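Here, each number is a calculation from the coordinates, and none is a lab measurement. Note that this is a predicted model, so its numbers are computed, not measured. Cβ: placed from backbone, ideal geometry, glycine included. Neighbour counts: every protein chain shown.
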């Protein structure tokens, strides 16, 4: 990204900083997993909670709110008893889903390689920095 | 890890859980930015620190170590004075770079849309959950 060295304050540099801001939301494991889990259509909170292994109630709430604020998903409340709240990707959210697909695919395809790399790393004697 | 609810122990479900583990490392804003900044070739710690706006010394150290452990980058120390330490993507890291490119591109392209969505969200009266 950056060209701070060569062109301080340039538009490109500002975009680089802004990219970081966007990544605060979308470049986050939980956001990636929520977006993936909404790719088949609307889901309720409890459905997402069940589908995303290891996410806490609070983290899911925070993640959904961030994604809603960013226009990635919509939150719909139906006034029935008990209230029915569901989450659905917006058109922009669906383009994000497409943009994240290669990273999720990569993660699945490289599980074995990463396991091997970790084992090698953990086995070696390492001088602390 | 697991989501015994729907399909206990199925291969697909296990992959989903493992994906989360991989995303602990690669689905992280700082990792995405480090990988992007290594796409043009090896970089030293201080070069990365300067290029990645807002990253702390400690966070960069932790991120680099995680990526090294996962086989995404290599850390090379040259015994000169002062010691010269540089980081470079491995072949697997370069495939990760390609897989993350659409997400980074999306982030840049959607900055304005996200700003607009945030403004709308923040302006509206909202009933707390």
>> Just to confirm the numbers: residue B:79, label point 7 angstrom along the Cα-Cβ line, distances to the other copies in nm, shortest first?
In response: 7.7
> Per residue of B:89-97, how many C-beta atoms from partner chains lie within 10 Å of its own C-beta, taken as a mean?
Replying inline: 2
> Measuring from a point 7 Å out along Cα→Cβ, what nm distances, shortest first, does residue A:118 have to its partners in the other copies?
Replying inline: 3.3
>> Two decimals, Cα atoms only, Kirkwood Rh: what is Rg/Rh over the range A:11-123?
In response: 1.06
